[in-house]
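What follows is one structure encoded as structure tokens, with my remarks underneath.
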Amino acid sequence: MRNAAPKQAMEWLAASAADPRACKREWEHGESGTVLLPAGRFWDVLSVPEELGLLALDALLRLPRSEPGPTLADTASRRVGFFLPPDPVSRWVGSGIRYAGTGAWIAVPPPYRAAGALRWLVPPDGSGTLHTPTSVELALFQAAVAADCRR
């Protein structure tokens, strides 16, 4: 790691692990390069089908004055995960939508490289920036309309 940003991102992600040191060791020296991290403490993850997720991420990246949160792609399952603030009461409903909150575990590569089928589309920046649920909801709506128009 050549600058502070990847180190800060790694520290921020690892902080959600039961053993942050073991988490970082696995990222650095483990066979898979991924770790399972618990959702619900620092972040939840909204996972959507790949086409919808990529269109929504494009919409989010075009929002003025918006800092995108971490976004993870799983090319094996063809899904995109948006990291959101923890919210134990909200429910996301839609075709193919999965919400991982308290009690769920997410396979996560290190913030500075891909691992297997997992890669960061927007890596964490280490500051704790997350997507806002309202902006993700709007972006998913726009993505669904765009996907319908393509058909």
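The values are calculated or read from the model by the stated rules, or taken from the named source; none is laboratory data. Computed from a prediction, not measured in an experiment: that's the story for all the values here. Positions of Cβ are generated from backbone atoms using ideal geometry, with glycine treated the same way; all protein chains shown enter the neighbour counts. Just so you know, the surface numbers come from the protein's heavy atoms only, side chains and all, with ligands and any DNA or RNA stripped out. Shrake-Rupley method; radii C 1.70, N 1.55, O 1.52, S 1.80 Å.
Computed FRET efficiency, Cβ-Cβ of Ala18 and Ile97, R0 25 Å: what is it to the nearest 0.05? Intermediate results must be reported in sequence, preceding the final value.
Working: r = 28 Å, r/R0 = 1.11.
With a Förster radius of 25 Å, E is 0.35.
About the Cα centre of the range 1-60, how large is the charge dipole given +1 on each Lys and Arg Cβ and -1 on each Asp and Glu Cβ? Please answer in debye to the nearest 20. Intermediate results must be reported in sequence, preceding the final value.
Numbers: 6 positive and 9 negative charges, 84 e Å.
Once rounded to the nearest 20, the dipole reads 400 debye.
So if each residue of separation counts as 0.36 nm, and I subtract the Cα-Cα distance between Thr75 and Ala107, what length gain in nm does that give?
10.2 nm
When the accessible area of the range 18-151 is computed with all protein chains present and a 1.4 Å probe, what percentage of it is carbon and sulfur?
Working: 4060 of 7460 Å².
That share works out to 54 percent.
Normalised by the residues of the chain, what does the relative contact order come to in percent, with Cα pairs under 8 Å and at least six apart?
That works out to 34 percent.
Grab the DSSP H runs of the chain that are 4 residues or longer, score each as -39,500 (n - 2.57), total them, divide by all residues and round the 222 nm result to the nearest 500 deg cm²/dmol.
Details: 4 runs with 51 residues, N = 151.
After summing the helix terms and dividing by the residues of the chain, the value is -10500 deg cm²/dmol.
Residue by residue, what Karplus-based ³J(HN,Hα) values in Hz, rounded to whole numbers, does the range 36-53 have, using 6.51, -1.76 and 1.60 with θ = phi - 60° and x for Gly and Pro?
Once rounded to whole Hz, the list reads 8, 10, x, 7, x, 8, 9, 7, 10, 10, 9, 9, 10, x, 3, 4, 5, x.
Using a simple charge model, +1 on the beta-carbon of Lys and Arg, -1 on the beta-carbon of Asp and Glu, nothing else, what dipole does the chain show about its Cα centre, in debye to the nearest 20? Walk me through the numbers before you get to the answer.
Values: 16 positive and 15 negative charges, 33 e Å.
For the chain, the charge dipole is close to 160 debye.
Could you sort Asp44, Asp74 by their accessible area in this structure, using a 1.4 Å probe and putting the largest first?
Values: Asp44 5, Asp74 45 Å².
Correct descending sequence by accessible area is Asp74, Asp44.
Going 7 Å from the Cα of Gln142 toward and past its Cβ, which residues in the range 97-133 have a backbone nitrogen under 16 Å from where you end up?
131-133
What is the local net charge at Leu37, summed over the other residues whose Cβ is closer than 15 Å to its Cβ (Lys, Arg +1; Asp, Glu -1)?
Values: positive: Arg21, Lys24, Arg25, Arg41; negative: Glu11, Asp19, Glu26, Asp44, Asp74.
In short, -1.
Residue-wise, which Karplus ³J(HN,Hα) couplings in Hz belong to the range 105-113, taking 6.51 cos²θ - 1.76 cosθ + 1.60, θ = phi - 60°, and x for glycine or proline?
Each residue's phi maps through the Karplus curve to give 10, 10, 6, 10, x, x, x, 10, 6 Hz.
With axes computed from alpha carbons, what is the tilt in degrees of helix 20-29 against the longest principal axis of the chain, rounded to the nearest 10 within 0 to 90?
Its long axis makes an angle of about 90 degrees.
For P(r) over Cα pairs in 10 Å bins from 0, in percent, the choices are (1) 11, 43, 38, 8, 0; (2) 11, 43, 35, 10, 1; (3) 10, 32, 25, 12, 7, 7, 5, 2, 0; which was calculated from the structure?
(2)
For the range 66-110, just say rounded, prolate or oblate: build the C-alpha gyration tensor, square-root its eigenvalues into a ≥ b ≥ c, call rounded for a/c under 1.5, and beyond that prolate if a/b exceeds b/c, oblate if not. Don't jump to the answer; show the numbers that get you there.
Working: a/c = 1.39, a/b = 1.20, b/c = 1.16.
It is rounded, given that a/c, with a ≥ b ≥ c, falls under 1.5.
Compute the helix-to-body angle for 133-150: its Cα long axis versus the longest principal axis of the chain, expressed 0 to 90° and rounded to tens.
That helix lies at roughly 50 degrees to the long axis.
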